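K.L.:
Starting off with a structure, shown below.
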Amino acid sequence: MPDAGPARVQARPVASYGRIVMPDALAVRVAPASRRFAPRKASLRLLPLEAFSWGTGRGPVHPRTRPDHTLIWVTQGRVRLDFPRSGALLDADDVRFIPAGTAFASRSQPGALGHVLLLSPELAVDLDPALPCRVTAGCAGHGAAALMSCLQGLVDEAARAPDCKALTCHLNLLALRLSRLDPERGAMPGQPHAGPDRPLVDRFLALAAIQIGAPRTLAELAQDLGTTLTLLDRACLEARGKRAIDLLHELRLERAAEMLRHTDRPAARIAQDLGYASHTHFTRSFVAATGRTPEAYRQQMQ
């Protein structure tokens with residue numbers, strides 16, 4: 001009997017959509033006690049895809065950061081996702097996991113159906129396996145029924161008087177399902193080709209992370225790695241789809257976001273420590289990447 005292919009999942013709610021606020025026992029205060037604003041309540045929300053949109057601007061929609069993890073699963077139609085330097089058109093069966101703090105914009109086309117899970121990072125601490133720390137793309141494929149069951153169990157558990165351990169078990173299952181997504185469309189694993197020099201790119205990123213605030217040029221970093229800037233650029237393009245300067249820019253922004261979330265260091269000092277020309281340069285770069293000033297991002301993520 002021929003394989004029928006991935007099971008089609010009907011676009012129906014997996015549970016009553018709405019906001020579920022965790023009790024104080026599950027709320028984590030990240031900010032120091034000296035902060036005047038109250039900590040965010042940890043929450044979990046499941047929304048119908050057609051009710052979810054994100055971004056700024058009335059014409060072209062611009063990416064903007066969110067304080068929660070976002071899981072988008074399209075079951076019918078199409079959804080447009082935009083990031084600061086890239087974009088994607090999601091079709092039925094496509095899944096995207098977008099970590100908290102990532103700038104993106106999302107717009108569903110008419111007739112699109114599916115599910116959107118919004119999850120406070122505080123609820124995902126110490127998961128095993130951990131949720132992805134970068135944008136993750138894939139297809140539900142043969143695991144669609146399991147993913148649906150996982151979301152159902154997660155929302156059902158959160159709708160009760162939530163128990164931290166029970167909820168963590170369901171979140172562990174969600175992280176496992178995300179690690180087992182089918183490859184995204186267009187990906188052809190096993191296809192013979194001359195692979196990129198990934199070890200060179202990894203060594204470049206490790207060296208750049210160590211010397212991120214030092215006044216070193218890319219040519220000098222390439223020389224330290226025993227290569228040229230031309231070959232380093234080529235390896236970065238083949239392995240990551242971006243030039244070395246763009247990867248260095250992303251590394252600075254990621255480090256800046258971490259420092260804004262986890263320290264009280266002033267934004268001007270962060271700019272200096274990470275090698276930005278000035279506080280103004282840092283602010284302009286951060287707004288372009290996240291849609292928010294460093295100060296606004298820090299307050300949002302607390």
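The values are calculated or read from the model by the stated rules, or taken from the named source; none is laboratory data. Bear in mind that the values here come from a model prediction, so they are computed numbers and not experimental data. With ideal geometry, Cβ positions are generated from the backbone for all residues, glycine too; neighbour counts draw on all protein chains shown.
For every residue, the table says whether it meets (1) at pLDDT below 60; (2) farther than 30 Å from Phe286 by Cα; (3) not small (Gly, Ala, Ser).
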position	(1), (2), (3)
Asp3	yes, yes, yes
Arg8	yes, yes, yes
Leu26	yes, yes, yes
Ala31	yes, no, no
Arg45	no, no, yes
Trp73	no, no, yes
Leu90	no, no, yes
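K.L.:
Would you mind listing the strands (runs of 3 or more DSSP E) fully within the range 77-136 where at least 3 residues are touching a helix residue (DSSP H, G or I) at 6+ places or on another chain (Cβ under 7 Å) and touching a residue at least 24 places away in the same chain (Cβ under 8 Å)?
P.N.:
Those strands (runs of 3 or more DSSP E) span 113-119.
K.L.:
Could you say which residue among Thr263, Thr230, Thr280, Thr290 is at pLDDT below 90 and over 15 Å from Thr65 (Cβ atoms)?
P.N.:
Thr230
K.L.:
Go through the residues of the range 193-201 one by one and say whether even a single one is at pLDDT 85 or above and surrounded by 12 or more Cβ atoms within 10 Å (Cβ to Cβ).
P.N.:
Looking for residues that are at pLDDT 85 or above and surrounded by 12 or more Cβ atoms within 10 Å (Cβ to Cβ), one finds at least one in the range 193-201, hence yes.
K.L.:
Pull up the range 264-301, narrow it to residues that are touching a helix residue (DSSP H, G or I) at 6+ places or on another chain (Cβ under 8 Å) and in a loop (DSSP other than H, G, I, E, B), then point me to the one that is nearest to Pro215 (Cα to Cα).
P.N.:
Checked the range 264-301; the qualifying residue nearest to Pro215 (Cα to Cα) is Gly275.
K.L.:
Only one of Glu258, Glu250 is at pLDDT below 90 and surrounded by fewer than 14 Cβ atoms within 10 Å (Cβ to Cβ). Can you tell me which?
P.N.:
Glu258
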